[in-house]
1. Mind listing whichever residues of the stretch 260-289 are farther than 18 Å from Asn233 by Cβ and open to solvent by 10 Å² or more (accessible area, probe 1.4 Å)?
2. Any residue in the stretch 195-204 that is modelled with pLDDT of 95 or more and open to solvent by 60 Å² or more (accessible area, probe 1.4 Å)?
3. Kindly indicate which of Met297, Met287 is under 22 Å from Leu97 (Cβ atoms) and modelled with pLDDT of 95 or more.
4. Looking at the stretch 206-223, is at least one residue open to solvent by 10 Å² or more (accessible area, probe 1.4 Å), at pLDDT below 95 and either out of contact with any helix residue (DSSP H, G or I) (no Cβ under 6 Å at 6 or more places or on another chain) or not in a loop (DSSP other than H, G, I, E, B) (or both)?
5. Conditions first: (1) part of a helix (DSSP H, G or I); (2) more than 22 Å from Val74 (Cβ to Cβ); (3) not β-branched (Val, Ile, Thr). Tyr284 passes all but one, so which condition is the exception?
6. Looking only at residues in the stretch 304-352 that are aromatic (Phe, Trp, Tyr) and either part of a loop (DSSP other than H, G, I, E, B) or more than 17 Å from the chain's Cα centre (by Cα) (or both), which one is nearest to His112 (Cα to Cα)?
7. Hey, among Leu180, Leu139, which residue is closer than 19 Å to Gly218 by Cα, in a strand (DSSP E or B) and touching a Pro at 6+ places or on another chain (Cβ under 7 Å)?
8. So if I check each of Pro133, Pro122, which one is crowded, with 19+ Cβ neighbours inside 10 Å and in a loop (DSSP other than H, G, I, E, B)?
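The values are calculated or read from the model by the stated rules, or taken from the named source; none is laboratory data. No experiment lies behind these values; they were computed from the predicted model shown. Because the Cβ atoms are built from the backbone with ideal geometry, glycine has one as well, and the counts that use them run over all protein chains shown. Heads up: the accessible areas ignore ligands, DNA and RNA and are worked out on the full protein's heavy atoms, side chains in. Shrake-Rupley method; radii C 1.70, N 1.55, O 1.52, S 1.80 Å.
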Amino acid sequence: MVRIAGSGLVLALGLGTLALGIAGLSGGGRTSNAADAPGTADTGEARAAAGAVGAPGAREGRSRAACEVGAKLVPSCGAWWGIAPEIFTGRPQKRALERAERRMGRPADIMHVYHRGDELFPTPAERAIARDPAGRRLLLINWKPSLDHTWGQIARGALDERIDRLAAHIVRTFPERFFLTVHHEPEDDVREARGRGMTAADYAAMFRHVVKRLRQGGVTNAVTVMTYMGAPNWASEPWFEKLYPGDDVVDWVAMDPYVDHRVHSFDGLVNKTRPEFPRWSGFYRWMGERFPDKPVMLAEWGVFERHDRPGFKEVFFDSVRGEIGEYPRIKALIYFDSPRAPRGDTRFDTTPGGRRAFGELARDPRLDAVVPAR
């Protein structure tokens, strides 16, 4: 057994499993501005508050000896619970996560952070999230390599120096495993005109090139995620299937569905269908048919405020709790918490009922994927 010093991760050689060692309490959107993205927390205060809630899932001293986390960070028991906290508020990263964990009454297993361009990650603040001695978290790092280069240009090597610099940074500073998604939600950026470098096939080639280049640079600890928007209109496009980069460079598949006025239940969220797209059966169904061996992640999900139904969030969160057991391939749920998401307010606690229902969902034992410390 090889222990990675200071990382809290234990690699059990010969078993192919990765046990996430966690001391004490076991812990572990869209944003267009990395400065607004979530960050770190010294969450002693938040975790104390979470433990004080006293509900199932507070996880103080819990034993899950029969559970494991696979080499690709797939939990054998339950699902990871994560958050992108207080996006677009301008709040410091540490404070945003601390507040969010206190608001939902439990620590997060996954923290979703956002980067673009030549930014190096994980940052010192993000490394502190992952290594918090009060309860370690996994990072889901969302990276758009460039907003100035086409996918075709990146696939042909235009950013190789940038990718190599990032790889060297990760190898030097962060040996822990983390989730990485490259240019999430590409569907609405696709331009199928020949020669523009932004076709679905260009995206797949770009994703492949970035992942392979990082691996060549020594980044073997990135668990890669292909993140779709989860919208029926894009899934019905003739080029949609061409987006997929390939099983060898994709470990998880993910969607970013949001609850608009036509969604009324959890099934309606993860299996959105529309009469105008009769051939589309829903993302969860499609993923089961297309990727039967891949774990599924809700990399972002959120419920928009409905001013004509002020209690709707409460009703919806209750539906998630009632239906989550019907979707065993969903192994991670990361909520996008923002007062100013592109299409509305997705904060989970805009009403007392919403906060209660979300907290009960967050503390549901089926969303407790914690592996005990070893």
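1. Restricting attention to the stretch 260-289, the residues satisfying the condition of being farther than 18 Å from Asn233 by Cβ are 264-267, 288-289.
Residues satisfying the conditions are His264, Ser265, Asp267, Gly288, Glu289.
2. The first filter runs over the stretch 195-204 and keeps only residues modelled with pLDDT of 95 or more, leaving 197-204.
So of that shortlist, the ones also open to solvent by 60 Å² or more (accessible area, probe 1.4 Å) come out as none.
So far as the stretch 195-204 goes, no, none of its residues is modelled with pLDDT of 95 or more and open to solvent by 60 Å² or more (accessible area, probe 1.4 Å).
3. Numbers: Met287 fails: under 22 Å from Leu97 (Cβ atoms).
Result: Met297 is the single residue among Met297, Met287 that is under 22 Å from Leu97 (Cβ atoms) and modelled with pLDDT of 95 or more.
4. Narrowing the stretch 206-223 to residues open to solvent by 10 Å² or more (accessible area, probe 1.4 Å): 208-209, 212-213, 215-218, 220-222.
Restricting the remaining residues to those that are at pLDDT below 95 gives none.
So far as the stretch 206-223 goes, no, none of its residues is open to solvent by 10 Å² or more (accessible area, probe 1.4 Å), at pLDDT below 95 and either out of contact with any helix residue (DSSP H, G or I) (no Cβ under 6 Å at 6 or more places or on another chain) or not in a loop (DSSP other than H, G, I, E, B) (or both).
5. (2)
6. To start, the set of residues in the stretch 304-352 that are aromatic (Phe, Trp, Tyr) comprises 304, 312, 316-317, 327, 335-336, 348.
Subsequent filtering for residues that are either part of a loop (DSSP other than H, G, I, E, B) or more than 17 Å from the chain's Cα centre (by Cα) (or both) retains 304, 312, 316-317, 327, 348.
On the way: Phe304: 19, Phe312: 25, Phe316: 22, Phe317: 20, Tyr327: 22, Phe348: 16 Å.
Of everything passing the filter in the stretch 304-352, Phe348 is nearest to His112 (Cα to Cα).
7. Numbers: Leu180 fails: touching a Pro at 6+ places or on another chain (Cβ under 7 Å).
Answer to the check: Leu139.
8. Values: Pro133 fails: crowded, with 19+ Cβ neighbours inside 10 Å.
Going through Pro133, Pro122 in turn, just one is crowded, with 19+ Cβ neighbours inside 10 Å and in a loop (DSSP other than H, G, I, E, B): Pro122.
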